[in-house]
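This report concerns only the one structure given below.
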Amino acid sequence: MQPHIEALRTDLARVLTDARDQRHQLLTVRASHDIALPLLQKHVAGSADLHLDIGFQGSVDALRSLNDRQCLVAGFHVPALRGAAPVFAKALKPLLKPALHNLIGCSKRTQGLMVRREHAALARTFPDVVRHGLRFVNRQQGSGTRMLVDHLLHEHSIDPGALPGYVGHTEQTHVAVALCVASGVADAGVGVEAAALEFGLHFAPLVEEDYFLACLKGNIAHAAVQRLCAALAGAGWKEILAHLPGYQPAAAAGRVLVMEEALPWWRQAQADAKRRAHARS
């Protein structure tokens, strides 16, 4: 391990030197796991003198970290849903307030079923996993992909107990889920296409998602946040995503978004809550 330790020591010394350089900006990011973010980290380090200190957490924990002032930016993802989305609204609406937060467009990506090639004909849709009794590897509580799984269960009226593996074995990243499927520990999981292809798995698309970055309104003018927005809006980021399977740039990449427009279900959930309160009165 000594050569690796020395390499890490050298990298740390370089990072500390850069951090002391006033030309460089440091931006703390807590984010739901995404294969594209390390590529963004490398891109902005070279093109924008910006160091992204990325810590991967579930979407819920990332937003909590933002609200607790533990980071400047939090990454989370939601399906591109136009109507009500009770699973996502229940988990995320308490953490996102239009008066307190701004959203920044980052990317779009496709999530789907990852299965080994011998199961490709059996798993074209999410209910197929239950129908054929495929062993499922789930994501951790609070992750955006776990919310997606719960959303799909709700959408298809499937009891979680009917999904083999829903309770028990969980993983923290898309890559870990793909590895479990590829190694035979599980038969199916939900993740991004790039992770599936990395391990030679069959990928059946399920939903397109928006990956957003959230920021407190008071920090949107921060120099590091502004550099990040400029990089997201630039041609370099679009080029990176064009070569990453299952990804594409957000329509409003790098732009500050109105929350109720970016998340239509946020307003729907608010209206539903008012109707319930009115009915009780």
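The values are calculated or read from the model by the stated rules, or taken from the named source; none is laboratory data. These figures come from a predicted structure and were not determined experimentally. Don't worry about glycine lacking a Cβ; one is built from the backbone with ideal geometry, like all the others, and counts go over all protein chains shown. Ligands, DNA and RNA are excluded from the accessible area calculation, which covers all protein heavy atoms including side chains. Shrake-Rupley method; radii C 1.70, N 1.55, O 1.52, S 1.80 Å.
Give the residues of segment 218-244 that are touching a residue at least 12 places away in the same chain (Cβ under 8 Å) and aliphatic (A, V, I, L, M), sorted by residue number.
Initial filter on segment 218-244 (touching a residue at least 12 places away in the same chain (Cβ under 8 Å)): 219-220, 222-225, 227-234, 236-238, 240-241, 244.
If the condition is that a residue be touching a residue at least 12 places away in the same chain (Cβ under 8 Å) and aliphatic (A, V, I, L, M), then Ile220, Ala223, Ala224, Val225, Leu228, Ala230, Ala231, Leu232, Ala233, Ile240, Leu241, Leu244 are the ones that fit.
Would you mention how many residues in segment 54-66 are in contact with a helix residue (DSSP H, G or I) (Cβ under 9 Å, 6 or more places away or on another chain), open to solvent by 50 Å² or more (accessible area, probe 1.4 Å), outside any loop (DSSP other than H, G, I, E, B) and not hydrophobic (A, V, I, L, M, F, W, C)?
So the count comes out to 1.
State the number of residues belonging to segment 183-200 that are over 15 Å from Thr110 (Cα atoms), of a type in the set (A, V, I, L, M) and surrounded by 17 or more Cβ atoms within 10 Å (Cβ to Cβ).
Number of matching residues: 2.
Is it fair to say Pro205 is modelled with pLDDT of 95 or more, surrounded by fewer than 17 Cβ atoms within 10 Å (Cβ to Cβ) and in contact with a Leu (Cβ under 6 Å, 6 or more places away or on another chain)? Full working, then the answer.
Working: modelled with pLDDT of 95 or more: yes; surrounded by fewer than 17 Cβ atoms within 10 Å (Cβ to Cβ): yes; in contact with a Leu (Cβ under 6 Å, 6 or more places away or on another chain): no.
Against the criterion (modelled with pLDDT of 95 or more, surrounded by fewer than 17 Cβ atoms within 10 Å (Cβ to Cβ) and in contact with a Leu (Cβ under 6 Å, 6 or more places away or on another chain)), Pro205 does not qualify.
Quick one: in segment 244-258, which of the residues that are under 11 Å from Asp210 (Cα atoms) and in a strand (DSSP E or B) is most open to solvent (accessible area, probe 1.4 Å)?
If we filter segment 244-258 for residues that are under 11 Å from Asp210 (Cα atoms), which is where we start, we get 247-253.
Adding the requirement that they be in a strand (DSSP E or B) leaves 247-249, 253.
Numbers: Tyr247: 20, Gln248: 85, Pro249: 40, Ala253: 11 Å².
So the residue we want is Gln248.
If we keep just the residues of segment 137-194 that are assigned to a loop (DSSP other than H, G, I, E, B) and of a type in the set (S, T, N, Q), which is nearest to Tyr247 (Cα to Cα)? Lay out the reasoning, then the answer.
From segment 137-194, those assigned to a loop (DSSP other than H, G, I, E, B) are 140-143, 156-159, 163-169, 172-173, 183-187; that's our starting set.
Restricting the remaining residues to those that are of a type in the set (S, T, N, Q) gives 140-141, 143, 157, 172-173, 183.
Values: Gln140: 23, Gln141: 24, Ser143: 19, Ser157: 29, Gln172: 20, Thr173: 17, Ser183: 25 Å.
Step by step, filter segment 137-194, then rank; the result is Thr173.
Can you confirm whether Ala230 is out of contact with any Asp or Glu (no Cβ under 8 Å at 6 or more places or on another chain), part of a loop (DSSP other than H, G, I, E, B) and either among the acidic types (Asp, Glu) or open to solvent by 20 Å² or more (accessible area, probe 1.4 Å) (or both)? Can you show your working first?
Working: out of contact with any Asp or Glu (no Cβ under 8 Å at 6 or more places or on another chain): yes; part of a loop (DSSP other than H, G, I, E, B): no; either among the acidic types (Asp, Glu) or open to solvent by 20 Å² or more (accessible area, probe 1.4 Å) (or both): yes.
Here the answer is no, as Ala230 does not meet what is asked.
Picking from Ala74, Ala48, Ala85, Ala80, which residue would you name as being hydrophobic (A, V, I, L, M, F, W, C) and surrounded by fewer than 18 Cβ atoms within 10 Å (Cβ to Cβ)? Lay out the reasoning, then the answer.
On the way: Ala74 fails: surrounded by fewer than 18 Cβ atoms within 10 Å (Cβ to Cβ); Ala48 fails: surrounded by fewer than 18 Cβ atoms within 10 Å (Cβ to Cβ); Ala85 fails: surrounded by fewer than 18 Cβ atoms within 10 Å (Cβ to Cβ).
One residue alone meets the criteria, Ala80.
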